[in-house]
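Trainee: Sharing a structure, written as structure tokens. Questions coming.
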Amino acid sequence: MALGRRGPSVDARKAGSIEAALRRSLRAAVAADWPTAETWLERIVEADSSDLDAYHALARLYRKQGAIGRAIRMHQNLLMRGDLSRAERDDGLLELARDFDLGGFGERAAASYEEVLDSQPRNIPALTRLVKLLHDQREYPRALSLIKRLRRLDREASDVAEVDLLLAQAQSQLDIGDLEAGRTTLKRCLRRFKTCGPAWAMLGQVEVERGKDARAIEAWKRGALADSALAVRLYPMIEAGFSARAKPRDYEKFLNGILADRPGDHAARIALARTFVSRGEAASAIEILSRAIEVAPEHIGLRVELGRQLVAEGQDVEALKAYTALLDALERSDTTDEEAGG
């Protein structure tokens with residue numbers, strides 16, 4: 001089990017004691033008896049400090065128990081040894097980076113991960129974590145410079161990290177009022193990820209700030225098309241944009257296009273119903289909502305909107321029926337959640 005034993009070999013008696021301690025520490029660990037596991041691992045390390053497997057196991061146990069300082073000291077002491085192979089040194093350095101990372105020492109963790117990557121440039125966990133740390137430290141250019149390397153090793157992880165970085169960098173630039181820099185970053189994001197809804201939403205806000213209302217509407221439309229969850233927030237903004245340009249029919253046409261592609265987009269259906277109400281066609285709105293509920297009887301938002309429109313039209317009896325059905329749907333939803341949780 002020992003990794004790279006050096007120095008005088010232990011005698012058979014000591015070896016037997018170490019093996020016994022190892023078995024006891026393993027049994028304790030399986031039982032989640034961490035104090036006992038720690039005691040036996042400490043005995044192994046004291047008996048044979050060249051057993052790096054036990055050394056790392058003990059340091060990880062310290063880390064798991066929140067004794068980050070002890071884990072850091074162990075790994076720092078290990079790295080001061082002159083008898084480590086390159087691979088053993090890299091393992092120790094990676095463990096030290098994880099100690100710093102878990103302990104909240106972001107800059108020291110980043111420096112340690114970078115040192116690991118100097119000798120192991122294809123170490124995906126170290127590279128991924130370094131990108132995240134640099135993101136948290138708002139060192140966006142440094143983090144983005146590592147994305148190309150990560151992309152060659154893990155395309156999916158690199159794409160997720162790059163989107164997060166570009167959105168965070170754009171937001172940071174916009175927060176200090178640098179609209180052009182923020183817009184440039186968002187454009188960069190959208191060149192790589194054309195269906196990034198949050199980027200389109202942010203770009204729309206930037207275009208409003210620049211006085212480019214038509215471009216804002218177009219950006220929000222692209223965002224709603226790309227991200228149905230985000231669309232719920234974007235529909236009112238798109239509607240306001242079309243209304244300001246005196247083009248409400250264009251908004252209705254847009255919603256119908258959405259529903260043609262996504263019949264299950266009930267937020268779009270609610271928005272469409274509201275367009276009918278705004279031009280005095282409440283009966284058509286109620287019909288749209290009623291038909292939608294027939295297809296999706298458990299959708300709470302549709303039932304809430306139907307009740308609201310019935311009340312607004314003075315149809316109290318029908319509104320009472322709608323809200324009774326809403327309460328039934330809510331009760332079924334609660335029961336389902338409880339069963340899933342149980």
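The values are calculated or read from the model by the stated rules, or taken from the named source; none is laboratory data. As the structure is a prediction and not an experimental result, all values here were calculated from the model. Note that we place each Cβ from the backbone using ideal geometry, even for glycine, and neighbour counts take in every protein chain shown.
Trainee: So which residues in region 66-87 are of a type in the set (S, T, N, Q) and either farther than 21 Å from R108 by Cα or in contact with a strand residue (DSSP E or B) (Cβ under 7 Å, 6 or more places away or on another chain) (or both), if there are any at all?
Mentor: S85
Trainee: In the set E252, E287, which member is more than 32 Å from the chain's Cα centre (by Cα) and farther than 27 Å from V208 by Cβ? Break it down stepwise before answering.
Mentor: Numbers: E252 fails: farther than 27 Å from V208 by Cβ.
The conditions single out E287.
Trainee: Then there's this: Would you mind listing the helices (runs of 4 or more DSSP H) fully within region 84-140 where at least 3 residues are closer than 16 Å to R60 by Cα? Can you show your working first?
Mentor: Working: elements: 86-102, 106-119, 124-136.
The helices (runs of 4 or more DSSP H) meeting that bar are 86-102.
Each row is one residue, and each column tells you yes or no for (1) farther than 25 Å from R245 by Cβ; (2) in the same structural domain as Y113 (by TED's automatic domain parsing); (3) at pLDDT 95 or above.
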| position | (1), (2), (3) |
| --- | --- |
| R155 | yes, yes, no |
| V163 | yes, yes, yes |
| L167 | yes, yes, yes |
| L186 | no, no, yes |
| L203 | no, no, yes |
| E207 | no, no, yes |
| D213 | no, no, no |
| L225 | no, no, no |
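Trainee: Condition first: of a type in the set (K, R) and surrounded by 18 or more Cβ atoms within 10 Å (Cβ to Cβ). Now tell me which residues in region 252-269 satisfy that.
Mentor: Let us first name the residues in region 252-269 that are of a type in the set (K, R), namely 253, 262, 269.
Matches in region 252-269: R269 only.
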